[in-house]
Amino acid sequence: MKFVCWLLLTVGLPAYCHAQQTLDMLKTKLDSSTLAGDPASTAYYQYLIGYHFSQQKKYDSALYYYHQAISAKDALKEDVKARVFNGLGVVYSKTSLLDSSIRFYDKALKSFMLINDTINAANVEANLCIIYKDLGLYEKALEAGFSQLSKLDKQKPNRALASCYTTIAVVFLKNKDYQDALEYHRMALAVRKQIDYQKGVAQSYNNIGETFLEMQLYDSALANLYRSLKIKRNNDGKDDVASTLSNIGDALLSLNRPEAAEPYLIESLAIKKEFDDRTGQVITLNSLARLKLSAQDLKQAERYLDEAETLVRKTGALDRLRQTLELKITLYKAKGDNTKVLRYADELFVIKDSLLSVEKMESLLEMQLAYETEKKEQQITLLEQREKVNQAEIEAREILISALVIGLILLVIIALLVYKNFLTAKKGKRSVEMLLKELHHRVKNNLQILSSVLSLQSQYLTDENAIHAVKSNEGRVQAMALIHRRLYNENENRNISIKEYVTELVESLVDSYGFHEKNLKLNLNIQDIQVDVDKAIPLGLILNELVSNAFKYAYANQNHPELLVSLNCESSAEMRIMIQDNGDGIVISEQGRESKFGTKMVDTLIKDLKGKYSIEAESGTTYTLNIPLA
């Protein structure tokens with residue numbers, strides 16, 4: 001106790017007094033510049049005071065002075081303006097207001113680039129890369145990371161270059177690109193060893209261990225993590241130890257050694273709480289919850305997950321929230337609480353859609369644009385090379401021997417360029433096809449989840465109208481899901497076999513409405529036609545709506561229900577579809593019972609397909625549709 005008091009008096013008190021003296025001096029200069037009516041100097045000292053408070057982690061005071069400084073932006077020099085924007089980005093990042101942090105970092109980056117300050121610009125891009133990674137926006141994270149790398153790799157090896165390699169590696173790891181992640185982590189390790197940066201060496205070993213952990217190579221992971229832990233403990237970096245302890249716990253847990261894992265995880269959590277590392281706490285709390293779930297200690301697992309959920313909702317990190325919600329679903333399934341399972345499943349569906357759909361769609365469009373641009377560049381290159389060959393042939397008439405040599409060289413160059421461009425185009429095409437398949441797979445899965453949710457909800461409904469409404473929506477989702485399932489399974493991504501699709505769709509509706517083969521005479525007369533997906537989806541929705549209406553309303557008084565679905569091409573330009581039931585036939589009162597939305601949807605879809613349809617109500621109801629194929 002005496003030693004602690006002595007340490008505070010000899011070290012802490014002088015440091016505090018020095019910091020206070022610095023602050024008092026800056027405030028004095030601020031008052032002088034304000035009285036002198038010098039807005040540029042006033043804003044500069046406001047920035048310095050804001051930076052002083054930021055270093056002391058007094059973020060509210062820092063924000064106040066930073067915003068005071070930026071309010072006089074017209075009087076600010078560009079370098080001071082850049083530093084104020086950067087300071088705001090740092091503070092908002094520290095307080096987990098990531099949208100505001102990105103906004104000010106973007107402004108700082110523009111200002112640093114205007115004054116050609118590449119070092120600070122690279123630092124801003126590093127911070128943006130980390131934020132985008134934490135938000136799950138991996139495409140933007142890599143863009144920022146490689147932009148930073150282009151500025152740093154021209155300099156001598158330093159800590160900033162190693163950090164840039166590390167950040168890029170982490171983004172690759174998030175995308176499950178393990179080999180690239182390992183490559184960049186090892187590049188970072190090599191730089192840190194070269195400049196003898198031991199703290200960074202320990203972090204690189206931790207990162208390599210993390211990557212092996214993701215690859216499920218747990219022995220390799222532990223070897224690197226133990227090496228990292230040893231260096232970190234020798235360097236007295238208590239806050240740095242926490243992540244490695246957590247990773248060791250995860251590796252031991254994956255090796256089914258929960259007793260060995262728990263002490264590492266508990267020590268890691270305590271350190272992260274001490275240093276208010278909210279994101280890190282969420283990671284470790286999720287690991288402890290997995291440990292307790294495996295031990296069937298559901299009560300303690302729920303406590304860990306509740307604490308993790310509270311923290312992660314404050315930080316706004318969607319990827320971490322996804323992990324927490326998945327564990328909560330596992331927990332409540334084990335507890336038999338279906339209401340909470342459904343609630344968290346609904347939220348998880350929205351989060352997965354946010355993380356994947358928009359990002360994958362943007363990536364797909366960018367790849368398509370890059371591919372088209374590359375093809376045009378190849379065509380230009382080939383035209384230029386052909387022009388060179390023609391010129392060589394003209395020269396060959398004048399100087400035969402020289403022309404033959406030159407022509408030979410040019411032909412070799414052309415062959416190499418064409419071969420290289422062919423390989424590049426082939427690789428680009430494969431990437432686009434892979435992204436398309438990935439997109440269809442994600443859409444198919446999401447539609448299946450939505451269909452399952454609707455089916456589950458219908459089981460808890462008692463109102464007949466509500467049940468019909470949910471089943472109608474379930475059928476519409478199923479119609480689209482069938483298309484995407486076929487798109488994902490087929491090599492061709494545009495054409496659908498209409499016979500197989502309509503047969504499967506109608507049979508699923510028969511089962512959904514309880515009309516099995518024993519009491520329904522189902523006649524399917526469908527010609528085998530290949531239809532483009534842009535026509536198949538609306539056709540499926542139309543058929544779903546009309547067949548569902550027959551099942552809902554036509555057979556109330558019919559003991560022997562019959563349904564005919566016919567689809568054929570009477571000519572190469574037009575498709576004819578007929579849906580006929582043997583019910584009572586449509587009358588005005590029954591039309592009023594049909595969903596207004598469904599009726600409007602059918603009218604709109606037929607209009608979009610440039611088709612026509614008619615209705616007959618003799619001996620049942622018959623819908624006849626004529627749809628042009630072109």
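Every number in this text was worked out from the coordinates using simple rules, so none of it is lab data. The model shown is predicted, which means the values in this text are computed figures rather than measured ones. Using ideal geometry, Cβ is built from the backbone for each residue, glycine included, and neighbour counts are taken over all protein chains shown.
Descriptive notes on the structure:
- For Ala169, neighbours were defined as the other residues whose beta-carbon sits under 12 Å from its Cβ, and their charges (Lys and Arg +1, Asp and Glu -1) total -2.
- Label reach from Asp60 (point 7 Å along Cα→C-beta): in the range 70-106, amide nitrogens under 18 Å belong to 91-97.
- 11 Å beta-carbon shell around Ala317, net charge (K/R +1, D/E -1): +4
- FRET E, pair Leu255, Ser96, Förster distance 56 Å, beta-carbon r, rounded to 0.05: 0.95
- Neighbours of Val124, meaning other residues whose beta-carbon lies under 12 angstrom from its beta-carbon, give a summed charge of +1 when Lys and Arg score +1 and Asp and Glu score -1.
- Checked against a 20 Å cut-off, the cross-linked pairs Lys299/Lys328; Lys57/Lys272; Lys94/Lys314; Lys81/Lys110; Lys27/Lys94; Lys94/Lys156 give Cα-Cα distances beyond that limit for Lys27/Lys94; Lys94/Lys156.
- Long-range lysine pairs (8 or more apart or interchain), the range 498-630, Cα under 28 Å: 27
- Sorting 76-85, 289-298 by average packing, meaning the other beta carbons within 10 Å per residue, from highest down gives 76-85, 289-298.
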